[in-house]
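The values are calculated or read from the model by the stated rules, or taken from the named source; none is laboratory data. Keep in mind the model is a prediction, meaning the values are calculated, not measured. Note that we place each Cβ from the backbone using ideal geometry, even for glycine, and neighbour counts take in every protein chain shown. Protein only, heavy atoms only, side chains kept; ligands, DNA and RNA dropped before computing areas. Shrake-Rupley method; radii C 1.70, N 1.55, O 1.52, S 1.80 Å.
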Protein chains: 2
Amino acid sequence: MNYSSSFIPTLREVPADAVIASRRLMFRAGLLRKLSNGLFAYLPLGLRSFRKVEQIVREEMNAIGALELKPTVVVPGELWKESGRWDSMGDALLRVKNRLENDFVVSPTAEEAFTSIVRDELSSYRQLPLTLYQINTKFRDEVRPRYGVMRGREFTMKDAYSWHIDEKSLDETYQAMGRAYRRIFKRCGLSVIPVKADSGAMGGSGSEEFMVESEVGDNTLLLCKNCDYAANEEKASCAPDYDSSADTANTPPFEKIETPNVKTIDELCVFLKTEPKTFIKTLIYRALNVELDLTKAPGCEKLERKRTSPDAPLVYPEAFFAAAIRGDLDVNEVKLAAALKSSEVSLASDADVSRLTNAPVGFAGPVGLTALPLIIDQTVTAMNDSVTGALEKDFHYKHVAFKRDFKAWMVKDIRTVKAGDKCSLCGGQLYAKMGNELGHIFKLGGKYTVSMNVKYLDENGKTQTPIMGCYGIGIDRTLASVIEEHHDDSGIVWTMSVAPYHVIIVPIKYDGGMKTAADKLVDELAKNGIEVLLDDRNERPGVKFNDADLTGIPWRVVIGDKGLAQQIPQVEIKRRSEKENQMTELDKTAALLTEKIREELAVLNS
Amino acid sequence: MNYSSSFIPTLREVPADAVIASRRLMFRAGLLRKLSNGLFAYLPLGLRSFRKVEQIVREEMNAIGALELKPTVVVPGELWKESGRWDSMGDALLRVKNRLENDFVVSPTAEEAFTSIVRDELSSYRQLPLTLYQINTKFRDEVRPRYGVMRGREFTMKDAYSWHIDEKSLDETYQAMGRAYRRIFKRCGLSVIPVKADSGAMGGSGSEEFMVESEVGDNTLLLCKNCDYAANEEKASCAPDYDSSADTANTPPFEKIETPNVKTIDELCVFLKTEPKTFIKTLIYRALNVELDLTKAPGCEKLERKRTSPDAPLVYPEAFFAAAIRGDLDVNEVKLAAALKSSEVSLASDADVSRLTNAPVGFAGPVGLTALPLIIDQTVTAMNDSVTGALEKDFHYKHVAFKRDFKAWMVKDIRTVKAGDKCSLCGGQLYAKMGNELGHIFKLGGKYTVSMNVKYLDENGKTQTPIMGCYGIGIDRTLASVIEEHHDDSGIVWTMSVAPYHVIIVPIKYDGGMKTAADKLVDELAKNGIEVLLDDRNERPGVKFNDADLTGIPWRVVIGDKGLAQQIPQVEIKRRSEKENQMTELDKTAALLTEKIREELAVLNS
């Protein structure tokens, strides 16, 4: 391909709103342009790399027996009403009414569409397991789309779905997907961090996220310095840092103390000359759609359960809880929500806190608390001489001990793990990184097959409901992450597997002997299946070299009169990732580069 | 690929709502399933053929130097407001508001998106001509989506756009596109009819439609029995069928006759004992957004021009016209609208007719008509002794002659051409066919570049506006049309180039020696790049044969114990399009089929 007819509008200047390297370089190297906030157009050079990522994903999906389908991007709203996500999905779901007032959704994922297809075709257990996928346009109505295609409104996702007769079969496909994902990222040259993740709005349990480190990542990851442990902050656990053998033998009876105008733990520390660790912090939470049975929970006797839709499970639309944790720690609301099987938890309003604790905010405590269920973090079980709120303005208790002075309705790990905590696997120190999610694999269980009424006949002719898994990879994000990981001050440094071209040939002038040599080399390389960009522009060598560096093509060949004039004509070859260049015989260049490129691809694909 | 793991849910029964062969067979052969009205999902077998059509289109676009881009499917409404199509496009345009109340469009075409990209990058005439394209999802909010993917709501279109410094350059690309389109359809094995078409809502002049014959086609085509002439009824012309040398030497002066209760031409024929040919039929039309200058047109003195948007041309929002034509012919409203440069013409209301002709409907005529401009069809110029309405209830004129008794404001070909009319090129007889449009190429001129303010500097450093062309092909329609043209009572008969697989291998039983032979043949063919589907199912041979016919794979190989037991083991091969099968040596089968398949592909691609 000739550079002059390729529409590669490189930019010298850095776009003003480009915070991260991939956004900056995709624009500067002429891969991408902006249509509007969060909507981008791939230009020819960017599309070549995009298609290569797609193809790697497709090959690895096909290799594990997943079958590619192509449903529509715009799907009937009816299907989303069946699954319940029409209501539960929130505002990120782009809902559309057409001229006939039919409801549609611009797909953000496609559990419903795929499940509806399988529902119609599935009759026998013999058809299972079945794994289907698409690589297709998705839309998420981000309020603040940012960082180019790293968080755009429209994007391309590979989304796969599988159906199974039992957990064992689901686990086999889930494990195969995990292996396929590792291969995909390896082939792209990406260092991913596989982490156990909260499965959030997708429902179900058993999931793994594939993260890349990013200074602007959406996720905080906790990793162990010693072992492989990696977890999303939302789910991370750590080794106990308390003495679980502590008893109350030496603890005086608890007593009320006056603490005028003292509300925060920091103020209390000063007032009582002690440390946050000695406090039991008690927080009041409001939880929505609680699936847990609360019939025997304190203060919940009058709560009634409802269904949000005919097929949805019974839930308490609203309930309040107290959560107690050691004073130096924070409650992790995602863990708390998971413990309560709630769709959302948040701190209760001041009015609710006053109503439920009989005191203003700042004086809640576990002793004598009867108006609502008390959940305590595991750390509290070891607290045998603590300070707590006294459920009364300007008063606290001291010498409070768990079990002796109060009981818990539920004991659970609800702490937010932080850098410096100890690894739950090996005791090593944890450290934190920001990460972006490139892929995610989930065990969904019966979430969609139950609500959408999918059935098959088992070996005994009995009607059964299959269980499901789902598996996504963001194509755009994966591409952008390759650039994030592989670039330098001069531009992109493509991995061979996703480079738009393998070789860029730069004749000092595209004329005379240099033109002849360049054209010959293009032909020879093309015959070997090597993808070549020929810089045929009438530009200064410096401009061409800069664009070659910026666009990041792995190998550069410079053809000059001087080299060609040698007894055996020579050209200069240079690896984009290395500083040094070398001279090679013109006639041997095609064979040499072909060998090196094939070797590199073989290593990536091995 | 093994049949048993391919998800090919064939159907014995014909879907109830399947009117046309492609809809019926795409469902029965397991290529497609319905998500809802007008929204379809391609299953694995259908997607393979779909991708092949896409790839043929891509190759032919690349071959003429068009560059592939990938803008988004959902595009900013702002761009459509700039071009004016946000308002003018009508209800087929799916408009969406997101949570931030931003306007978006789910793209039906992408003139705006591409023009906005080029606007930002274009600076010099050296960058032109430039041709860009995408193969991407489109949405048209059809009120009555029908015939499967032949007229779905969501579909995939290849849409290309080109920018030029002048008409000559535009014409070169336009002609190259026309040739590429002919190659695309030839490679798919489709008989297309290229016709001159009205460019309708796209604007501009100079366009060609690529049609396939279809009993449920959207278009009426007129074709010549003798020559290549083919035209859409909306634009078709024909040879004159009147004596243009007719004079008024022998015509008596016109006279008024009483015609009580006679209003239609048929009634008049009976009353006057004559033929429709002798009448001048005069119809009153209401035209919207007329761009033509009417300052000197009768009755239009008081009309004012306006702009629908700041960049739009000046138009008369509403104007009325009389159109006169020979009594046996009909006025073609598309031609009439084109003559007036109007966005829409329709018959005036009875009240408007009465107001403008001083008589009820049925008595309009050209003589003495001064309240509005008179457009006459060419046929009227030869009418030297005619009957017309007299602009008075229950009265007509006879012996009316053009020029002598009335003058025309405009003479134009506005007749609807019908089967039986004579070809304007060769005089041969025209016949009619129903057709569906697969592709369309247009010269747009400055329609988008003017309204969207695209500029470049010419050789002399002067600011200029480029002109544009646009070029579309429906991928789904093209695929469905292949099936329409190539099927029989048993199923699809794929063209080799778009067949999902080249060969289906059917072992009578996938076991023992038959399994060994089948596996070996699969390997040999795969090594040659031949795509093979192996029917490994535990089904009766009859079921397998029926599915092989239904899915239409071009070559079938049947492997049975009897053939294998021959001294030289034999298998049966059969071309899907032929009745006869033949026995061949097992060891020579791969080479034989490879040769035949390559030959057939070479002929299609030649």
Pairs returned, first residue in region A:1-28 that is more than 16 Å from A:Gly148 (Cβ to Cβ) and among the small types (Gly, Ala, Ser), second residue that is part of a loop (DSSP other than H, G, I, E, B) and open to solvent by 20 Å² or more (accessible area, probe 1.4 Å), beta-carbon separation under 8 angstrom, 6 or more apart or interchain, are A:Ser4/A:Asp536; A:Ser4/A:Arg537; A:Ser5/B:Gly65
Could we say that B:Thr137 is facing chain A (nearest Cβ under 9 Å), buried (at least 21 other Cβ atoms within 10 Å of the Cβ), part of a strand (DSSP E or B) and touching a Ser or Thr at 6+ places or on another chain (Cβ under 9 Å) here?
no
Name every residue in region A:234-258 that is open to solvent by less than 70 Å² (accessible area, probe 1.4 Å) and not acidic (Asp, Glu), in order of residue number.
A:Ala236, A:Ser237, A:Cys238, A:Ala239, A:Tyr242, A:Ala246, A:Thr248, A:Thr251, A:Pro252, A:Ile257
In region A:53-91, how many are more than 8 Å from chain B (Cβ to nearest Cβ), open to solvent by 10 Å² or more (accessible area, probe 1.4 Å) and among the small types (Gly, Ala, Ser)?
5
Might you check whether a residue that is β-branched (Val, Ile, Thr), touching a strand residue (DSSP E or B) at 6+ places or on another chain (Cβ under 8 Å), part of a helix (DSSP H, G or I) and surrounded by 21 or more Cβ atoms within 10 Å (Cβ to Cβ) occurs anywhere in region A:521-528?
yes
Scan region B:178-197 and tell me whether some residue there is closer than 30 Å to B:Pro373 by Cα and without any contact (Cβ under 8 Å) to a residue 12 or more places away in the chain.
no
Identify the single condition in (1) modelled with pLDDT under 95; (2) assigned to a strand (DSSP E or B) that A:Val450 does not satisfy, given that it satisfies every other one.
(2)
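Yes or no, residue by residue, for (1) modelled with pLDDT of 95 or more; (2) surrounded by 17 or more Cβ atoms within 10 Å (Cβ to Cβ):
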| position | (1), (2) |
| --- | --- |
| A:Gly299 | no, yes |
| A:Lys306 | no, no |
| A:Pro310 | no, no |
| A:Leu314 | no, no |
| A:Phe321 | yes, yes |
| A:Leu329 | yes, yes |
| A:Thr357 | no, yes |
| A:Pro360 | no, no |
Those residues of region B:560-573 which are of a type outside the set (S, T, N, Q), open to solvent by 30 Å² or more (accessible area, probe 1.4 Å) and not in a loop (DSSP other than H, G, I, E, B), in sequence order:
B:Asp561, B:Lys562, B:Leu564, B:Glu572
What tally of residues in region B:140-156 results from selecting those that are away from chain A (no Cβ under 13 Å) and modelled with pLDDT of 95 or more?
0
Sort through A:Asp120, A:Asp171 and tell me the only one that's within 13 Å of chain B (Cβ to nearest Cβ), farther than 26 Å from A:Ile492 by Cβ and either buried (at least 20 other Cβ atoms within 10 Å of the Cβ) or in contact with a strand residue (DSSP E or B) (Cβ under 9 Å, 6 or more places away or on another chain) (or both).
A:Asp120
When region A:267-287 is checked residue by residue, the ones that are open to solvent by 40 Å² or more (accessible area, probe 1.4 Å) and closer than 16 Å to A:Trp409 by Cβ are A:Leu283
In region A:124-134, what residues are farther than 19 Å from B:Thr137 by Cα, in a strand (DSSP E or B) and within 10 Å of chain B (Cβ to nearest Cβ)?
A:Leu130, A:Thr131, A:Leu132
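Conditions tested, residue by residue: (1) in contact with a helix residue (DSSP H, G or I) (Cβ under 8 Å, 6 or more places away or on another chain); (2) at pLDDT below 95.
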| residue | (1), (2) |
| --- | --- |
| B:Val75 | yes, no |
| B:Ser83 | yes, yes |
| B:Met89 | yes, yes |
| B:Lys97 | no, yes |
| B:Asn102 | yes, yes |
| B:Ala110 | no, no |
| B:Phe114 | no, no |
If you take the residues in region A:405-460 that are open to solvent by 10 Å² or more (accessible area, probe 1.4 Å) and of a type in the set (Val, Ile, Thr), which one is farthest from A:Lys168 (Cα to Cα)?
A:Thr416
Select from region B:92-113 the residues that are within 22 Å of the chain's Cα centre (by Cα) and more than 7 Å from every other protein chain (Cβ to nearest Cβ) and write down the one among them that is surrounded by the most Cβ atoms within 10 Å (Cβ to Cβ).
B:Ala110
Based on what the data block shows, is B:Val149 more than 29 Å from B:Asn460 (Cα to Cα), open to solvent by less than 20 Å² (accessible area, probe 1.4 Å) and not in a strand (DSSP E or B)?
yes
Looking at region B:17-40, which of the residues that are open to solvent by 10 Å² or more (accessible area, probe 1.4 Å) and closer than 19 Å to A:Ser116 by Cβ is farthest from the other protein chains (Cβ to nearest Cβ)?
B:Asp17
Residue identified as within 25 Å of B:Lys52 (Cα to Cα) and of a type in the set (A, V, I, L, M, F, W, C) among A:Leu79, A:Leu94, A:Leu132, A:Leu122
A:Leu132
Of all residues in region B:478-497 being within 22 Å of B:Gly435 (Cα to Cα) and in a helix (DSSP H, G or I), the one that is most open to solvent (accessible area, probe 1.4 Å)
B:Glu485
Please work out if B:Leu11 is within 8 Å of another protein chain (Cβ to nearest Cβ), among the aliphatic types (A, V, I, L, M), open to solvent by 10 Å² or more (accessible area, probe 1.4 Å) and not in a helix (DSSP H, G or I).
no
Residues that are among the hydroxyl-bearing types (Ser, Thr, Tyr) and either open to solvent by 100 Å² or more (accessible area, probe 1.4 Å) or touching a strand residue (DSSP E or B) at 6+ places or on another chain (Cβ under 7 Å) (or both), drawn from region A:574-606:
A:Thr584, A:Thr589
Which residue is nearest to A:Ser4 (Cα to Cα), if the candidates are limited to region A:32-52 and must be among the hydrophobic types (A, V, I, L, M, F, W, C) and touching a Lys or Arg at 6+ places or on another chain (Cβ under 9 Å)?
A:Leu43
Breaking point among (1) surrounded by fewer than 16 Cβ atoms within 10 Å (Cβ to Cβ); (2) on the phi < 0 side of the Ramachandran plot; (3) among the small types (Gly, Ala, Ser), for B:Ala517:
(1)
